[in-house]
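> My questions will all concern the structure given below.
None of the figures in this text is laboratory data; all of them are computed from the coordinates on show. Given the structure is predicted, the values throughout are model-derived calculations rather than measurements. Positions of Cβ are backbone-derived with ideal geometry, glycine not excepted, and every protein chain shown enters the neighbour counts.
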Amino acid sequence: MANLIEKAKNYTMSRRSFLGLSAGAAAAITLPGCGLTKVDSTTAAANLANKEGEWIPAACWHNCGGRCLNKAYVVDGVVVRQKTDDTHPDSPDYPQQRGCHRGRSQRHDVFGADRIKYPMKRKNWAPGGGNKELRGKDEWVRISWDEAMDLVAGELKRIKEQYGNKSILGSSRLLNFYGGGLVRWGSSSSGAWGVVQECMTGFFSWKSNDRLDWRNAKLIVMWGSNPARSNLGNPTYNLMQAKKAGAKIIIVDPVVTPTVKTLADKHIPCRPGTDTALLLAMAYHMIENNLQDQDFLDRCTVGFDKDHLPEGADPKENFKDYVLGTYDGVPKTPEWASEICGTDPKLIRDFATEIATTKPMIFTSSFAPARTYRGQQFCQAFLTVGWMTGNVGKSGAGVWTMNYAANQSYGGTTLVKAGGTGLPPAKNPLFPDVTYGAYDGYRWANPKNPVANGMAYCETYDAILNGEYTGTNGRGKVPCDIRLIWLVRDGYGYNYLNQSSDINKGIKAFRKVDFVVTNDIVLSTISKYADIVLPATTEWEKDGTILQGNPEAIFITPKVVEPLYEAKTEEWMDRELAKRLGLNSDEIYPISGKQQFFNSLAGAQVIKEDGVNYETLVTITDKDIQEWGIKGKQQQGKIALNDLVKQGVYQVPRTPDDKLTVIQGADFVKDPKAHPLTTKSGKLEIHCQALSDKIAAYGLTTVPPIAKYEPPLDGYEATFKDWKSKEKGQYPFQLITIHYGRRSHSTFDNIPQLREAYPEDFVMNTRDGQALGLKNGETVLIESAYGKVIRPLTLSESMMPGVVTLGEGAWAEIEDTTDIDKAGATNTLCGARLSGQGEEPWNTTIVHVEKYTGEPLKPDDEWKQRIIF
Amino acid sequence: MNKENPLEMTQPLLETRIFVYDVLRRTFLEEPTKEFLNIITEKGFIESFPFTKENEDIHEGIEHITAFLQEHDMKSGREYDDLHWDYTRMFIGPDKLPAPLWESAYLNKERLLFQEQTLKVRQAYLKYQFLPKHFKQEADDHLGLELDFMYQLSELSLKYLQQQDFTGLREVLEDQKVFLQGHLLKWVPELTQKILASANLALYPGMAKILNGYLTLDLEALEELLDINYEGVLN
């Protein structure tokens, strides 16, 4: 034995003299109270008691398109594990709402060691900008909340007073009360669908028959949709029930996706951005063989042929004559299309015959093919060809696009819904069409409103760098001087520097302004390039909310744990800033978060058995109101308040013989005159002048009133140097940016177990890879006109030749010296191009691929910490 | 049997333990303060640091720190900022942490915060009526808090010794041993490796080596202290 007791004596004299030296300074070196504190014996005993944990419903709040039940087992403030829906037995009619691998990784998101714990300031930032070039590579300093709030309020005030509100980019409740800011508008997820749905259908095809009726279909066509990867939760399972009931499933996609492998009877390959050509050729075959449902077209639509045009339309501008090539001399034959879309002409003819002759048929599209340059043309063609089959307003039939979680296999009426929170809206004076709740102008549909201070998503960085943007409604170029980027919202990230096109240009723009402030849960890309990052609470740390999306269920998610470290809610931050800006915070937040949660519960409604009327869902007693400590009154419903909050979900049970089935548009199809749609003609508009006019009002690109194919910017045709000789050009491959299993968009990209499960590999056709001498697993360099990424390669026959894919949402890791993004953020490759209603044209992107000659990448889950000097 | 007075016999070691845990908790509990740097740059700190001869890690750690202090003038604002950044980057954020300071980030399979380890550490604290200041908002198993706990119990053990409450003394020493074995010694070796691999400057690697070395040595110290028949030597 070392005999430390003895040896310690050797150190005594010098140690004592050291302690003696310090004794005078003892007061100065006492700990500032961040260590342990002594508690009284009662507190200690109470906390020592061996407590049973409890299951608390825990929010899974991301915009993945699904909604599922998550529960957290909480012991003394610690979430020990998670589970999902076990509130009732699972059956195809009444399925449990079970979470996916991402929802079940929610604990990893909330409790990751990389949570932002304190307000952080970039070291070389100072009011006015400091060293702006260091954004993204600077050191950070922890600051107090007081200092952070002083700095943020100071910059906001200085910039507003010196340059005006129009030099602020962003929207939030506080900002809206402080004069507002410029708004980014456009369409990300749903691509070009929004205005098309509004003008051609009056949002008629935004809805669908409910899922139980899908089992009556003989054929289901799924265009560009991959629910087995992109819509987790029940969609694939629900579709499987339709298949089991006898529906044949055909999937159109450039990739043999997991959904094709799981559900499809037939796969139709089609190159990205060329779907319109394929659809036109299908129309050609149907017209050639007189397979269209002429009666339906004549009664319920306008614009199919010259005899059924809306008033004032050019008689030559009808769909049938365009398809036949009557005036342009180009018949849109399957052979014509095949050269463009890559689908075999015979396959096109068979497919067209099959959809025209199989009834009832469901013809449904995802948003992905509309996330293309001038994507309206796809939406127009898809609806037109669908309507040609007459599958509208009937059981087992329909033509629609999948509208987020609702139509992604549920459809029908919303059977249960939350009440309002009672928090009054806060309008942005500079962009009144966008109110609090929508932080930007997502799918903004009012381009003729002259009060629209802001720019398309894809024009944001040019606006910052060049000082002007395209004004809608013919306003021409509008000058701007953007000084402040504001992204303080309620812990939802909205990581647009990563998730909007052209990250390289975005970084340049971020490095130009005076001040970038964000709040965040972890250091996402947009926060990495910020000056001050404030720690935000996750949904698990807030008062509670009701999550919706699935029309058959609502999810009630109370607080699970206390806010971690110094994380705060947006309300708290706004109140602190309001004090410093001379605003009345009680006016901004007249009711508390808890009251808002209570109001949305009290106002919740559930459908009655008649399938038409709604009734109050929640029973509330005086005792509940006292316990909750909020304002309210008692009411009678179907479930007690605290039972509902404990259960975490209210799902309406379904049976095939219930009265909740919806046949979308049955009345309209039976008698279009008596039940007109909200379109200009009251019918479905194959020729739609309103669409053409509205798209023109955005001032970006134009579309004709009928579906026509025009090669998109950065589409298939652009991969050639010479189209006729088919000599390939500088960027010979077409990239599609799929939703990736690792993440919900960019959320969860930091979670190690998901990184391990999904390696973020770049996938290309085996023969394409072999022709380039590339091997499975090696690191490749992918380059577009906008940027460069490196990724491990997977060669697969599941890809159409000439098509490559990479999952969207990886957090860009751009090396300053080489401009190479190691993480493979797809927006490093996708250019910021202006199109239609401001849709981001991600799926029309062309790239070059080669072997990477630098150091090969390690698998993402083995990545070491990025060292910042 | 040792006929020495147990108080005189063991007080130097108990005081040394208080001293070392005091230095260690200050090192890891918070960002480097001027006061902390005053302690380590104080004349005599390096020279009198205990057990440099008995433990190679402590010896190397002291050498790291000596070299660091020779190369870097902590009175210079810039040099101090560099050190500060080393702490911020490794232990605070806002980016991914190369060397997080929480036990559960090492011993939990999922390497998250607020896990089973956090609860177990909390139970140990509660026996002595301690809790983190921001209970339930900051994780109990932060290295600084675990070291603070060892410091507090070391002080308590000295108090018991001085009061000749040997039952109390033995219980505290036993609890310290259990805590050391059940917690700190299980994860500090990996943490030390991470600090060595990711620090820009030599101070924290030096302190990490001292930490790692001292925890091993303290287990021996506790065994020695528990081996003494205090009542026996009194009689």
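> Which listed residue (A:P315, A:T853, A:G325) has the Cα farthest towards the positive end of the charge dipole for chain A, taking +1 on Lys and Arg C-beta and -1 on Asp and Glu C-beta about the Cα centre?
Checked the options; the winner is A:T853.
> Summing +1 for each Lys or Arg and -1 for each Asp or Glu, what net charge is found among the other residues whose Cβ lies under 11 Å from the Cβ of A:E797?
0
> Moving on. In the stretch A:524-655, what is the volume of the convex hull around the alpha carbon atoms, normalised per residue and reported in Å³?
160
> Just report the Cα centroid separation between the stretch A:637-661 and the stretch B:22-46, whole Å.
One Cα centre to the other: 60 Å.
> Which one of A:C60, A:Q241, A:M455 has its Cα pushed farthest toward the positive end of the charge dipole of chain A, where Lys and Arg give +1 and Asp and Glu give -1 at the Cβ?
Of A:C60, A:Q241, A:M455, it is A:C60.
> For A:A785 and A:K316, what is the calculated FRET efficiency with R₀ set at 41 Å and r taken between the beta-carbons, to the nearest 0.05?
Here the calculated transfer efficiency is 0.65.
> How many angstrom lie between the Cα centre of the stretch A:504-540 and the Cα centre of the stretch A:452-489?
19
> Give the calculated FRET efficiency between A:N449 and B:K186 to the nearest 0.05, with a Förster radius of 51 Å applied to their Cβ-Cβ distance.
0.20
> Could you tell me how many degrees, from 0 to 90 and to the nearest 10, lie between the Cα long axis of helix A:689-698 and the main elongation axis, the longest principal axis, of the Cα atoms of chain A?
Helix A:689-698 sits roughly 30 degrees off the main axis of chain A.
> Okay, next question. Which one, B:V20, B:S76, B:L131, is farthest towards the positive end of the dipole of the stretch B:1-134 when Lys and Arg carry +1 and Asp and Glu -1 on their Cβ?
B:L131
> Please report the relative contact order for the stretch A:93-224, taking Cα pairs under 8 Å with a sequence separation of at least 6, and give it as a percent rounded to a whole number.
Here the relative contact order equals 13 percent.
> Amide H of B:Q129 versus every other amide H placed in the peptide plane: which residues, excluding those fewer than 5 positions away on the same chain, fall under 5 Å?
Long-range HN contacts for B:Q129: none found.
> So how far apart, in nm, are the two label points at A:E627 and A:K608 if each is 7 Å from Cα heading toward Cβ?
About 3.0 nm separates the two model spin labels.
> Then there's this: Suppose every K and R has +1 on its Cβ and every D and E has -1 on its Cβ; what is the size of the dipole of the stretch A:639-737 about the Cα centre, in Debye to the nearest 20?
100
> While we're on this one: Using unit Cβ charges (K, R positive; D, E negative) and no other charged atoms, how large, in debye to the nearest 20, is the dipole of the stretch B:129-235 about its Cα centre?
I would put it at about 440 debye.
> Taking the alpha-carbon centroid of each part, what is the distance from the stretch A:691-743 to the stretch A:106-180 in angstrom?
38
> Oh, and also: Around A:I249, which amide H atoms from residues at least 5 apart in sequence, or from another chain, sit under 5 Å from its own amide H, with H modelled in the peptide plane?
A:I220, A:D265, A:K266
> Provide the convex hull volume over Cα atoms per residue for the protein assembly as shown, in Å³.
Residue-normalised Cα hull volume stands at 180 Å³.
> Place a +1 charge on the Cβ of each Lys and Arg in the protein assembly as shown and a -1 charge on the Cβ of each Asp and Glu, then give the dipole magnitude about the Cα centre in debye, rounded to the nearest 20.
Using Cβ point charges on Lys, Arg, Asp and Glu, the protein assembly as shown gives about 2240 debye.
> Please identify the trypsin sites (Lys or Arg not before Pro) of the stretch B:120-204 that satisfy two criteria: DSSP loop assignment and at most 12 other Cβ atoms within 10 Å. Which are they?
Within the stretch B:120-204, the qualifying trypsin sites (Lys or Arg not before Pro) (loop, at most 12 other Cβ atoms within 10 Å) are B:K133.
> Rounding to the nearest 10 and keeping the result within 0 to 90°, find how far the Cα-based axis of helix A:4-23 lies from the longest principal axis of chain A.
So the helix axis and the longest Cα principal axis differ by about 90 degrees.
> Going 7 Å from the Cα of A:E710 toward and past its Cβ, which residues in the stretch A:677-691 have a backbone nitrogen under 18 Å from where you end up?
It comes to A:687-691, nothing else.
> What list of ³J(HN,Hα) values in whole Hz, one per residue of the stretch A:290-306 in order, does the Karplus curve 6.51 cos²θ - 1.76 cosθ + 1.60 (θ = phi - 60°) give from phi, with Gly and Pro shown as x?
In residue order, the calculated couplings are 6, 9, 6, 7, 5, 4, 4, 4, 5, 7, 10, 10, 10, x, 5, 10, 5 Hz.
> Between 0 and 90 degrees, rounded to the nearest ten: what's the tilt of helix A:593-602 against the longest Cα principal axis of chain A?
40
> Quick one: what does P(r) look like for the stretch A:216-323 with 10 Å bins over all Cα pairs, in whole %?
Bins of 10 Å from zero give 13, 32, 29, 21, 5 percent of pairs.
> At R0 = 25 Å, how high is the FRET efficiency between A:T766 and A:K244 if r is their beta carbon distance? Nearest 0.05 is fine.
It comes to 0.15.
> Next up: On a full-extension model of 0.36 nm per residue, what is the gain between A:N289 and A:K218, subtracting their alpha-carbon distance, rounded to one decimal in nm?
23.4 nm
> If you don't mind, there's one more thing I want to ask. Non-local amide H neighbours of B:E138 (under 5 Å, H modeled in plane, Pro and chain starts lacking H): which ones?
The list, which skips near neighbours in sequence, is A:Y565.
> Can you give me the span-like helices of chain B, meaning DSSP H runs with 27 Å or more of Cα extent along the axis and Kyte-Doolittle mean at or above 1.6?
Helix filter hits for chain B: none.
> Continuing with this model, one more query. Using label points projected 7 Å from each Cα along Cα→Cβ, tell me how many nm separate A:F203 and B:Q162, to one decimal.
Distance between the two pseudo-spin positions: 7.6 nm.
> Taking 8 Å as the Cα distance limit and 6 or more residues as the minimum spacing, I'd like the relative contact order of chain A as a percentage.
So the answer I get is 18 percent.
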